[in-house]
Amino acid sequence: MSSYISHLQAFRGIAILSIVAAHAWSFAIFWTGDLDSLGLKTLFYSTELLFHGSTLYFAIISGLLFSKILQNKGWISFYKSKILNVVLPYVAASTIATAVYWQYYLADGAATDISFIITVATNLVSGTAAIQFWYIPILLVLFILTPLLDFVNKRTPKLMFFLACVPLVISRSAFPDFLSMQSLVYFCGAYCFGMIIGSHYEKTMAKVNQYKTWLITFIALISAAILTQYINEYKVDGWYSSRQTLFYIQKILACLLLLKWLQNIETRLPKTICNIGEYSFSIYFYHVFFVGFLIMGLQDYIQSHRDALIIGLLGIANMIIGVGATMAFAWLIKKPIGRHSRKLIGT
């Protein structure tokens, strides 16, 4: 079976756009100030409602691709591809991020000129070289657990379904401590869910098509509940958050509907969204750099014109720069070294 399925590639494109969007407006707000007006609260609540938890899409698609495609290629091939296409570009991106932010380590007294390598190593383990890297150590643990999860999926599917439901009662940890055991459990659930639907893909898509009206209704009700929590300033604390439970259900249902919709229009998919899917790992690794450069460059203007309209427009600019500049950067690296660029930038 071909490892390239265009509607799954398009889904990766939507997933990475959602992740960038989750950062685009929140960074525009919190890297320049706080939620100090009704307009900014409305903007933040709206974008969070749509895009918070979008990393779940990455976990789901990773599990789905394993069950649908990668399990047939053997474990040696599986782990070789993960080392070459995930671990190596993660090492490169973490090293670059540590170098870019090294002045801040020195200013904080957290490092000295001779501790760069130690700092890089620490960042690799903890996913702290850049704000979005916390997910990669979790993903690598999921890859290590994949043989066990594959065994469970094939031998005891009820237990696999149970694992996929555990995030309903154990939530991911909150900012700034994203990397935690509870986050691993939370995203492991999504990975298991992806493996389940990958094992029964066509049957799952048929069921989604049959019950799509109900699924859309459930998403609307869950989204209304999430929005209500934001308006009431619900506080996240401890191992369980009802908001994260709602987001988990919302993103799983949205994933199913998106996959079915993209499958239906597979022959008419815009080339752009598939190209973005191809560059998804590069965008994930590097978009925050370009977004940060833009916000820092406009810092003085933003702080003297800080309202919902300006911040909203800055979020749009962050999206365009974050995705566009990263794709251009990746293309420039890919051009001279070809397919080997995946080992360096993930594309």
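Read-outs: derived from the displayed coordinates by stated rules, not from any lab. Please read these numbers as outputs of a predicted model, since none were measured by experiment. Here the Cβ positions follow ideal geometry from the backbone for every residue, glycine too, while neighbour counts run over all protein chains shown.
Points to keep in mind about this one:
- Within the chain, helix-based [θ] at 222 nm, where runs of 4 or more DSSP H residues each add -39,500 (n - 2.57), nearest 500: -24000 deg cm²/dmol
- Per the Debye formula on identical point scatterers at the alpha carbon atoms of segment 60-133, with no solvent, log10 I(q)/I(0) at q = 0.11, 0.17, 0.19, 0.28 Å⁻¹ is -0.40, -0.70, -0.78, -1.23.
- Separation of segment 269-324 from segment 64-102 is 24 Å, based on Cα centroids.
- Length-normalised contact order for segment 183-322 - Cα pairs under 8 Å, 6+ apart - percent: 22
- Relative packing of peptides 69-78, 285-294, 158-167 - highest average C-beta neighbours within 10 Å first: 285-294, 158-167, 69-78
- In a fully extended conformation the segment linking ILE69 and ALA92 would gain 5.6 nm over its present Cα-Cα distance, using 0.36 nm per residue.
- Size of the chain: Rg and Dmax of its alpha carbons, in Å, are 20.1, 61.
- Largest first and in whole Å, the equivalent-ellipsoid semi-axes of segment 1-130 read 32, 27, 9, each the square root of five times a Cα gyration tensor eigenvalue.
- Full extension of the segment from THR228 to ALA317, taken as 0.36 nm per residue of separation minus the current Cα-Cα distance, would add 29.2 nm.
- Average Cα contact separation per residue, segment 57-153, under 8 Å, 6 or more apart, as relative contact order %: 24
- Rounded to the nearest 0.05, the FRET efficiency derived from the C-beta distance between LEU148 and ALA308 at R0 = 51 Å is 0.60.
- Relative contact order of the chain, pairs being alpha-carbon contacts under 8 Å that are 6 or more residues apart, as %: 33
- Full extension of the chain between ALA99 and TYR4 gives 30.7 nm of extra length, using 0.36 nm per residue less the Cα-Cα distance.
- Spin-label model distance (nm) - VAL166 vs SER242, 7 Å beyond Cα toward Cβ: 2.4
- Sorted on the mean count of surrounding Cβ atoms within 10 Å across their residues, most packed first, peptides 92-105, 187-200 read 187-200, 92-105.
- Comparing segment 122-189 with the 2.2 N^0.38 Å rule of thumb, its C-alpha radius of gyration ratio is 1.21 (two decimals).
- Annotation note: trypsin sites (Lys or Arg not before Pro) in segment 189-294 located in DSSP loop regions with a Cβ neighbour count of at most 13 within 10 Å are LYS235.
- Each Lys or Arg adds one and each Asp or Glu takes one away; over the other residues whose Cβ falls under 14 Å from the Cβ of ALA22, this sums to +1.
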